[in-house]
Amino acid sequence: MNECKVAVLVGSLRQDSYNRRLARAVEKLAPKELKFEHVRIDDLPLYTQDFDADYPPNAQRLKRDIESSQALLFVTPEYNRSVPGVLKNAIDIASRPWGKNSFPGKPGAVIGASIGAIGTAIAQHHLRSSLAYLDIPTLGQPEVYLHFHDDIIAADGTISNDSTRKFLQAFVDAYVKWVERFVR
């Protein structure tokens, strides 16, 4: 595979986010050809159709960051059995105005971590529904609903648990094959 830019959207703003740790762990397991770039979403205004005539500079930056990527990785926590508002807002901004969706055709994947027993299963289900509508072909298997414990992934993405490393490596291997189907 040639070099491939992957836009990473982490749906948590928390400084020591479990999902940011998960994203870093995936990056460490991936081949060097995948270049992961975290897309900034913490400074975005709430989407309103009023933007459609003249997008604010930070919303324009978001759209450029998505458009310049070849693949997508969504890493989401689960808030109240759904996707965090900050992530949904970023998706709404990047997919608008009508006819100027920044996402279509880019291969994507959805993963997430939570301290809850079912990880982020319901949030991922909701997110996949939105991504399907936006024409983002999304990897179906393996699913990553990581039940997070503070000692399995360090802040820098180092995985200390062998079974977690093997599980995430299987995801990364499948994601690489998925991206290769779309990016030549």
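The values are calculated or read from the model by the stated rules, or taken from the named source; none is laboratory data. Everything numeric here is computed off the predicted structure, so don't read it as measured data. Because the Cβ atoms are built from the backbone with ideal geometry, glycine has one as well, and the counts that use them run over all protein chains shown. Side chains included, ligands, DNA and RNA excluded: accessible areas come from the protein's heavy atoms. Shrake-Rupley method; radii C 1.70, N 1.55, O 1.52, S 1.80 Å.
Roughly how many percent of the accessible protein surface of the range 1-55 is carbon and sulfur, given a 1.4 Å probe and a whole-percent answer?
The value for the range 1-55 is 43 percent carbon and sulfur by accessible area.
Across bins of 5 angstrom width beginning at 0, how are the C-alpha pair distances of the range 11-95 distributed, in whole percent?
With 5 Å bins starting at 0, P(r) equals 3, 13, 23, 22, 19, 13, 5, 2, 0.
Determine the equivalent ellipsoid of the range 75-126 by diagonalising the alpha-carbon gyration tensor, then write out the semi-axes as square roots of 5 times the eigenvalues, largest first, rounded to whole Å.
Ellipsoid half-lengths, sorted descending, are 24, 12, 7 Å.
So what is the relative contact order of the chain, in percent, for Cα pairs below 8 Å that sit 6 or more residues apart?
27
Would you mind telling me the share, in percent, of accessible area of the range 125-184 contributed by carbon and sulfur at probe 1.4 angstrom?
53
What ranking, highest mean first, results for peptides 48-60, 74-86 when packing means the other Cβ atoms within 10 Å averaged over each residue?
Descending mean neighbour count gives 74-86, 48-60.
Quick check: pseudo-label points 7 Å beyond the Cα along Cα→Cβ at HIS126 and ASN58, how many nm apart are they?
2.2
Per residue Cα convex hull volume for the range 131-183, in cubic angstrom?
About 112 Å³ per residue, rounded to a whole number.
Just the number please: accessible area per residue for the chain, 1.4 Å probe, all protein chains included, in Å².
Here the per-residue accessible area is 49 Å².
Per-residue HN-Hα couplings for the range 121-130, Karplus 6.51 cos²θ - 1.76 cosθ + 1.60 at θ = phi - 60°, whole Hz, x for Gly and Pro?
For the range 121-130, the Karplus-derived couplings read 4, 6, 4, 5, 4, 4, 5, 4, 5, 5 Hz, x marking Gly and Pro.
If you take every residue apart from HIS126 with its C-beta less than 10 Å away from the C-beta of HIS126, what net charge results, scoring Lys and Arg +1 and Asp and Glu -1?
It works out to a net charge of +2.
How big is the Cα convex hull of the chain in projection, averaged over all directions, in nm²?
9.8
Modelling each spin label as a point 7 Å along the Cα-to-Cβ direction, I'd like the LEU13/SER163 distance in nm, to one decimal.
Rounded to a tenth, the inter-label distance reads 3.6 nm.
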